[in-house]
Amino acid sequence: MNNTSKWHYPRTELALSYLKQLEAGLNSIAIFAERRKGKTEFLRDDLGPAAKGKGLRTAYINFWERKSDPVYCITQGVRRAIESDSPRLIRKWKNEFSVKLGVFQSKTTVDASQYPEIAGEALDMLVTPKGGVLLMFDEIQHLATDPAFEELIATLRTFLDTNKKQVRAVFTGSSQDRLNKIFRRQKAAFYQGASLVEFPNMGENFIIFLLANFHDLTNRKLQKKKSLEIFAEYNYSPFLIVDLLQTMMREGIYNLDKGMAYYLDLNDPEDEWKELWESLKLIDQLVLKDIIVAGLPLYHVDTYALMRDKLGLDKVTRGIIQSSVKRLREQSVLNNEGHGQWVFESKMFKDFVSTL
Ligand SMILES: Nc1ncnc2c1ncn2[C@@H]1O[C@H](COP(=O)(O)OP(=O)(O)OP(=O)(O)O)[C@@H](O)[C@H]1O
Ligand SMILES: [Mg+2]
């Protein structure tokens, strides 16, 4: 992609391996990984271009583009796809579809999510020309946040089912629990056959690439070992290491220890976790720290007694703990791994809580 940043480390092999699985018969795959692990950048700069290289048409749809209105997100994604590669269709889009879209949206003060069929019609335009299509749905877990979106899920399901010869789909999400919820609830074709695939962390080659880039731009060398340590310490998040190197370049800092100190002074990566922690109720904090992190069983008389003492209450029941777990789940803090196993959605937040 021509607007890919110079800092983008290409993950072509991974993209090709996913495409191969789709060619081999999977209709859809679902990738989920923690926040800021590089999913979006991968879809836009690696998977999309690789699919195009194989002759597929692609559309990127992000359900966070307008959180209240997933239908809008779909129509926007389709419009961008058509604009970028189908001049013939764009005329049709402009003449017919945008008028229709306008009518739909002006019909009511309520948003277009009320009209999932319009999302279906937009997607239909994508499959009008012959040839394969790859749909990339980002932040798919968002569809599980509101029962009002269920009709849209059904529309998507019908679309994918009807066009399964021509269309492949990739779903990406950051909330494992929400994704599981959609998977479980929507047993029918939408997610049937969607295989959960792993999204591996980037490794040493990524760091080598970044350092070479830094050298290119500044003519300065940075220590590989130290860079790898920082990368690992911050949970292999590409965001932090790239942001750090860019800051160092801007500020003319050519030593990683100094750079890190400067960076942490400006932005504390833990701020986000502190804020989340402080937003939690006391009991929820205790459940996380003294039960989950400590590895105690949630539903056990000894645990109830411990909570009772910590909270200074007369009694703590199973129901109290259950409500707490439910709240933590709704806030995407905890994730149900099945068989009553509750784990942190984010390893970084778990690490943060462990240090408290
Ligand atoms: N392949 C890559 N090469 C270089 N930097 C990358 C790469 N992938 C991600 N990054 C860096 O990490 C940042 C976060 O990536 P991205 O937004 O794709 O993550 P994400 O997993 O989609 O996060 P979220 O769950 O919050 O949407 C990017 O802005 C970029 O700086
Ligand atoms: Mg993203």
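The values are calculated or read from the model by the stated rules, or taken from the named source; none is laboratory data. These figures come from a predicted structure and were not determined experimentally. All Cβ positions, even for glycine, are placed from backbone atoms using ideal geometry, and neighbour counts span all protein chains on display.
Can you tell me which residue among Ser323, Ser354, Ser346 is surrounded by fewer than 19 Cβ atoms within 10 Å (Cβ to Cβ) and under 18 Å from Glu270 (Cβ atoms)?
Numbers: Ser323 fails: under 18 Å from Glu270 (Cβ atoms); Ser346 fails: surrounded by fewer than 19 Cβ atoms within 10 Å (Cβ to Cβ).
When all the criteria are applied, what remains is Ser354.
For the range 286-299, how many residues are in contact with a helix residue (DSSP H, G or I) (Cβ under 8 Å, 6 or more places away or on another chain) and surrounded by fewer than 17 Cβ atoms within 10 Å (Cβ to Cβ)?
6
Based on this model, can you work out whether Leu256 counts as touching a Lys or Arg at 6+ places or on another chain (Cβ under 8 Å) and modelled with pLDDT of 95 or more?
Spelling it out, Leu256 is indeed touching a Lys or Arg at 6+ places or on another chain (Cβ under 8 Å) and modelled with pLDDT of 95 or more.
Where residues in the range 183-223 are in a helix (DSSP H, G or I) and exposed (fewer than 14 other Cβ atoms within 10 Å of the Cβ), which of them is modelled with the lowest pLDDT?
It comes out as Arg185.
Any residue at all in the range 62-69 that's more than 30 Å from Phe231 (Cβ to Cβ) and more than 16 Å from ligand 2 (Cβ to nearest atom)?
Among the residues of the range 62-69, at least one is more than 30 Å from Phe231 (Cβ to Cβ) and more than 16 Å from ligand 2 (Cβ to nearest atom), which makes the answer yes.
Considering every residue within the range 249-269, establish whether at least one is within 16 Å of ligand 2 (Cβ to nearest atom), aromatic (Phe, Trp, Tyr), outside the structural domain of Asn335 (by TED's automatic domain parsing) and surrounded by 12 or more Cβ atoms within 10 Å (Cβ to Cβ).
no
Among (1) modelled with pLDDT of 85 or more; (2) on the phi < 0 side of the Ramachandran plot; (3) within 16 Å of ligand 1 (Cβ to nearest atom); (4) not hydroxyl-bearing (Ser, Thr, Tyr), there is one condition Phe32 misses while meeting the rest; what is its number?
(1)
Can you list residue pairs whose Cβ atoms sit under 9 Å apart, with the first residue in the range 33-44 being closer than 15 Å to Asp243 by Cβ and the second being assigned to a loop (DSSP other than H, G, I, E, B) and within 9 Å of ligand 2 (Cβ to nearest atom)? Count only pairs 6 or more apart in sequence or on different chains.
Note: pairs meeting the criteria are Arg35/Ser174; Arg36/Ser174; Lys37/Ser174.
Filter the range 226-242 down to residues that are touching a residue at least 24 places away in the same chain (Cβ under 8 Å) and within 15 Å of Phe349 (Cα to Cα), then give me how many there are.
4
Within the group Thr155, Thr128, Thr109, which residue is modelled with pLDDT of 85 or more and either under 30 Å from Lys37 (Cβ atoms) or not in a helix (DSSP H, G or I) (or both)?
Thr155
Tally time: how many residues in the range 126-150 are more than 22 Å from the chain's Cα centre (by Cα) and not small (Gly, Ala, Ser)?
Residues meeting the conditions: 5.
Would you check if Ser98 is hydroxyl-bearing (Ser, Thr, Tyr), more than 20 Å from the chain's Cα centre (by Cα) and assigned by TED's automatic domain parsing to the domain that holds Pro147?
yes
Out of the residues in the range 35-60 that are outside any helix (DSSP H, G or I) and away from ligand 1 (no atom under 14 Å from the Cβ), state the one that is surrounded by the fewest Cβ atoms within 10 Å (Cβ to Cβ).
Ranking the candidates gives Gly55 first.
Residue-wise test of (1) free of Cβ contacts under 8 Å to residues at least 40 places away in the same chain; (2) among the basic types (Lys, Arg); (3) part of a loop (DSSP other than H, G, I, E, B).
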position: Asp284; (1), (2), (3): no, no, no
position: Lys289; (1), (2), (3): no, yes, no
position: Ala305; (1), (2), (3): yes, no, no
position: Asp309; (1), (2), (3): yes, no, no
position: Val316; (1), (2), (3): yes, no, yes
position: Ile321; (1), (2), (3): yes, no, no
